[in-house]
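Working notes for the structure below.
The values are calculated or read from the model by the stated rules, or taken from the named source; none is laboratory data. Note that the structure is predicted; figures quoted are calculated from it, not measured. Cβ sites come from the backbone with ideal geometry, for glycine too, and all protein chains shown count toward neighbours.
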Amino acid sequence: MDLSQIINELGEDRESYFGAVAPPIIQTSNFAFKNVAQLREAMQDEFAVDLYSRGNNPTVTILRKKIAALDNAEDALVLSSGVAAVFLAVFANVKQGDHIVSVAKPYSWTDKLFNVLLPRFGVTATMIDGTNIENFERAIQPNTKIIFLESPNSFTFELQDLEAVARLAKSKRLLTIIDNSYCSPLYQRPLDFGIDISVQTATKYLGGHSDVIAGVIAGKKEMIEKIFKSDLLTVGSIISPFNAWLLIRSLRTLEIRLERIAQSTQHIAQFMENHPMVEKIYYPFSPSFPQYELAKKQMKQSPGLFTVVLKVNSIQAVEKFCNSLKHFLMAVSWGGHESLIFPSCAVIKPEDFNQEIAAHRMVRFYIGLEGVDYLVGDIEGAFAGL
Ligand SMILES: *Cc1c(COP(=O)(O)O)cnc(C)c1O
C-alpha cells in the first residue's frame, strides 16, 4: 500500500465522527452492549471486538492498522513501551526449558530480559556476535525456540544478514524476532526478508516528538492473536487512547521527518569522519563501516544515529567537548525532534577512565530536525574549545 495512504487514510472513518480530520480520542475503559446475545458474542472473541480497553479500543485500532501496513504485516499490536513489545513477543513464545539465541549487545533492557528475568523461569539465552551467520548455526541447541535480532543496534550498529538468518531459522523451524527500532519500517522491512516478528519502540521515530513512550509488534495475524489473547490481556501493557492519538498525529510527518534526519545525519557523519579530532566513526552508511555493503543491501537509509571515538587523551577533554555543545542536548534515548549526545564515559567512574579503551572516548550522536549548519557550527565550537 502507498505510504501516503497508510499515513493519511488507512483505518480512519471520518464520516462516523462528524467529518473530523483528526480522529477522536475514544477515552473509555468500557463498551456497552444492547442485549445478552451481543454481549455473549463479544465475550467469545475479544480479539475481534471492542469489549474493554485493555483489549481493543477504536483510537488504538486506527493506529494499529497503520502500524501493520507500515511493516507490510498482517496485523500488529501497539503497547505501552518498546520494552513491553520486546517482552511480549518473546514471552508469548517460550516455556520453561526453552533456549534463545540472541545477538550480543542488544538494547540494555532486552539484555536484562534474556540474562536476568527469563532465567528465573528456566528460559536460557546464548548471546552471540551476529555479524557472522556461522555463529547462529553454532549456538542453536535442540531446545532453541527463538532467534532474536537487533539490526543495527543503537550504539555501535552491528548488523545481521536478515535474509540469511531467516533462511537458517526456517530450516530449523525457529521463530525469528527483530528489534527494528534503528531503521523503522520506512528504511528496513524485516518481514520482507522472511523475519517472523518485527518489534520497535514507538518512543523514538514513530512518536518523534519526545512526548510518548510506546512500542509495537507486527507479524502474522495468527501470531498477533496469540500474543493478544494470552499474554497482552494478562500482562495489560496497553497504550492509552490519548498516546495512540499522539502517535497517529506523529505518523502524519514520519516520512518527511525521517528524510530530513537521514539527510542531515549523512552530512554530519561525513563531517565528523573527516575531522582531525575524531579517531573513528561508527555509521552504517559510511564506506569505512565494516558491514557497509550489507547495510546498503538491506537498509534504505541510515538515519539519526552514529557514534564517534574522540581523539583526546583525558576524560576531562571528553567531558569538556560534551559540556560545550549548546544545541545538542545531553540525554539517553533518540528519535525526537531534538539532537542529542550520549557519552559512554557517563556509565563509568571517572577514576576508571582508560585512555587505551576506545569505548571510554565514545560519544553517540543523534541528529534531529534542526538545520545542519546550526548543528555543525555547534560541533565546531566544541572542538575549538579543546
Ligand atoms: C529505546 C529502545 C527500546 C525500548 O523502548 P522504550 O519505548 O523506551 O521501552 C528498545 N529497543 C531499542 C533499540 C531502543 O532504542
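Going through region 90-104 one residue at a time, which ones are among the aliphatic types (A, V, I, L, M) and out of contact with any Gly (no Cβ under 8 Å at 6 or more places or on another chain)? Before the answer, list the steps.
Taking region 90-104 first, the residues among the aliphatic types (A, V, I, L, M) are 90, 92, 94, 100-101, 103-104.
Scanning region 90-104 gives VAL90, ALA92, VAL94, ILE100, VAL101.
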Looking across region 213-256 at residues that are within 16 Å of the ligand (Cβ to nearest atom) and part of a strand (DSSP E or B), the single one that is farthest from SER302 (Cα to Cα) is ILE238
Within region 280-337, restricting to residues that are in contact (Cβ under 8 Å) with a residue 24 or more places away in the chain and charged (D, E, K, R), the one that is surrounded by the fewest Cβ atoms within 10 Å (Cβ to Cβ) is LYS326
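I need a count of the residues in region 1-36 that are exposed (fewer than 12 other Cβ atoms within 10 Å of the Cβ), assigned to a loop (DSSP other than H, G, I, E, B) and aliphatic (A, V, I, L, M).
Number of matching residues: 4.
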request  = State whether one or more residues within region 40-52 are modelled with pLDDT of 95 or more, in contact with a strand residue (DSSP E or B) (Cβ under 7 Å, 6 or more places away or on another chain) and surrounded by fewer than 16 Cβ atoms within 10 Å (Cβ to Cβ).
outcome  = yes
Residues in region 62-116 that are surrounded by fewer than 17 Cβ atoms within 10 Å (Cβ to Cβ), outside any loop (DSSP other than H, G, I, E, B), hydrophobic (A, V, I, L, M, F, W, C) and in contact (Cβ under 8 Å) with a residue 24 or more places away in the chain total 1
Reported set for region 156-172 where residues are closer than 25 Å to SER288 by Cα and either touching a Lys or Arg at 6+ places or on another chain (Cβ under 6 Å) or not in a loop (DSSP other than H, G, I, E, B) (or both) is LEU162, GLU163, ALA164, VAL165
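What number of residues within region 130-151 are within 30 Å of VAL363 (Cβ to Cβ) and away from the ligand (no atom under 16 Å from the Cβ)? Step through it out loud before you land on a result.
First pass over region 130-151, keeping only residues within 30 Å of VAL363 (Cβ to Cβ): 130-132, 135, 148-151.
Imposing the further condition that a residue be away from the ligand (no atom under 16 Å from the Cβ) reduces the set to 131-132, 135.
Number of matching residues: 3.
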Taking region 293-321 and keeping only residues that are within 16 Å of the ligand (Cβ to nearest atom), in contact with a helix residue (DSSP H, G or I) (Cβ under 7 Å, 6 or more places away or on another chain) and in a strand (DSSP E or B), one is left with PHE306
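Any residue at all in region 41-61 that is of a type outside the set (Val, Ile, Thr), within 16 Å of the ligand (Cβ to nearest atom) and touching a helix residue (DSSP H, G or I) at 6+ places or on another chain (Cβ under 6 Å)? Walk me through it before giving the result.
Let us first name the residues in region 41-61 that are of a type outside the set (Val, Ile, Thr), namely 41-48, 50-58.
So of that shortlist, the ones also within 16 Å of the ligand (Cβ to nearest atom) come out as none.
No: region 41-61 contains no residue that is of a type outside the set (Val, Ile, Thr), within 16 Å of the ligand (Cβ to nearest atom) and touching a helix residue (DSSP H, G or I) at 6+ places or on another chain (Cβ under 6 Å).
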Going through region 173-212 in order, the residues found to be surrounded by fewer than 23 Cβ atoms within 10 Å (Cβ to Cβ), of a type in the set (Phe, Trp, Tyr) and part of a loop (DSSP other than H, G, I, E, B) are none
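Hey, could you check region 152-172 for residues that are away from the ligand (no atom under 16 Å from the Cβ) and among the aliphatic types (A, V, I, L, M) and say which is surrounded by the fewest Cβ atoms within 10 Å (Cβ to Cβ)?
Going residue by residue through region 152-172, those that are away from the ligand (no atom under 16 Å from the Cβ) are 161, 163-172.
Those left that are additionally among the aliphatic types (A, V, I, L, M): 164-166, 168-169.
Working: ALA164: 15, VAL165: 25, ALA166: 23, LEU168: 18, ALA169: 23.
In this case the residue turns out to be ALA164.
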Looking across region 322-357 at residues that are of a type in the set (Asp, Glu) and part of a loop (DSSP other than H, G, I, E, B), the single one that is farthest from the ligand (Cβ to nearest atom) is GLU356
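Quickly run through region 360-386 and pick out the residues that are in a helix (DSSP H, G or I) and not small (Gly, Ala, Ser).
So in region 360-386, the residues in a helix (DSSP H, G or I) come out as 360-361, 372-384.
Within region 360-386, HIS360, ARG361, VAL372, ASP373, TYR374, LEU375, VAL376, ASP378, ILE379, GLU380, PHE383 meet the criteria.
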